[in-house]
Amino acid sequence: MAGSIKMQRSEVAEISSLMDQALIGIQSARKIPGNIDDAAADLNQAFPAFQKVANTLPLIQETLENFRENILKFNPDKKTCQDIKPDLEIFKNKAIRLKEIFHEVIPEAETSRMRRYRKAAKGDLVEDLMKQMIKHILYILKLPAIKLASQEYLRNLDKAFKDLSKIPRSLPDDDSPFSFHNYGAGSQNIHTGSGTQNNNNGSGCQFIGSKQDFQFGSTPPFQLAK
């Protein structure tokens, strides 16, 4: 019996630690130097996503703080802790990634914010990170063994998720590291792969091959070889 209680306390302590780490990430993201609105011009199409995510952070923090307070009073059993842990782990990781991106992008620097965002994001768009956080905290709050959140929290989280789904993506899906421009009337030959590229932009013939035989009239054939 004593061993079972000790194990249960260990599970609860682990859940509490995950929530604390997530809260630190959220609080840190909210305390970035500078104002998110000051980054509007520099963030271009990414600004609506950053602004909406920043405005959602207080709701996420309040929800998690409320959940943490109640879950510790509730003293969940081992199974409930095991049900919570995977989603809470993901929630925590997303919160930390969001904090990292905010701290990399929002403060003023010589490099443009969009350039810093592309480098820092590595595929993790701020709106997607926030939507994942909402998704996993909602799952936890709706577990039959929990049901600690008020309906107001659930409605507000659901609305925030829908609002985030409506805004333009902060980076396009085809955001490529290659950018090619041709401002003249001439040809533009581009090759970004590893194979051979053969271009003929003139009016003459082009013969391509590692070995070819040509015969003109009665002249014996000759070879062109690389």
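Given the structure, is Ile5 out of contact with any strand residue (DSSP E or B) (no Cβ under 7 Å at 6 or more places or on another chain), at pLDDT below 95 and not in a helix (DSSP H, G or I)?
The answer is no for Ile5.
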Subset of the range 131-167 (residues that are modelled with pLDDT under 90 and among the charged types (D, E, K, R)) = Lys142, Lys147, Glu152
task = Assess whether Ile15 counts as being of a type in the set (A, V, I, L, M, F, W, C) and part of a loop (DSSP other than H, G, I, E, B).
result = no
key: Yes/no for Leu88 being in contact with a Ser or Thr (Cβ under 8 Å, 6 or more places away or on another chain) and farther than 24 Å from Pro172 by Cα   = no
key: Sole exception among (1) in a helix (DSSP H, G or I); (2) surrounded by fewer than 20 Cβ atoms within 10 Å (Cβ to Cβ); (3) modelled with pLDDT under 90 for Ile32, by number   = (1)
request  = Name every residue in the range 81-127 that is of a type in the set (Gly, Ala, Ser) and either touching a helix residue (DSSP H, G or I) at 6+ places or on another chain (Cβ under 8 Å) or surrounded by 18 or more Cβ atoms within 10 Å (Cβ to Cβ) (or both), in order of residue number.
outcome  = Ala95, Ala109, Ser112, Ala120, Ala121
request  = Give the number of residues within the range 46-73 that are under 30 Å from Met114 (Cα atoms), of a type in the set (Phe, Trp, Tyr) and touching a residue at least 24 places away in the same chain (Cβ under 8 Å).
outcome  = 1
task = Those residues that are of a type in the set (S, T, N, Q), at pLDDT below 90 and surrounded by 16 or more Cβ atoms within 10 Å (Cβ to Cβ), I need them from the range 8-29; list them, please.
result = Gln8
note = Given (1) under 17 Å from the mean Cα position of the chain (by Cα); (2) in contact (Cβ under 8 Å) with a residue 12 or more places away in the chain, Pro76 misses just (1)
ask   = Out of curiosity, is Lys135 surrounded by fewer than 15 Cβ atoms within 10 Å (Cβ to Cβ) and not hydroxyl-bearing (Ser, Thr, Tyr)?
value = no
request  = Identify, from the list Asp128, Asp87, Asp83, the residue that is closer than 25 Å to Asp158 by Cβ, part of a helix (DSSP H, G or I), at pLDDT 95 or above and more than 15 Å from the chain's Cα centre (by Cα).
outcome  = Asp87
key: Hits in the range 36-63 (condition: crowded, with 18+ Cβ neighbours inside 10 Å and either over 25 Å from the mean Cα position of the chain (by Cα) or closer than 16 Å to Asp158 by Cβ (or both))   = Lys52, Thr56, Ile60, Thr63
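The values are calculated or read from the model by the stated rules, or taken from the named source; none is laboratory data. This one's a predicted model, so the numbers in the text were calculated from it and none came from an experiment. Cβ: placed from backbone, ideal geometry, glycine included. Neighbour counts: every protein chain shown.
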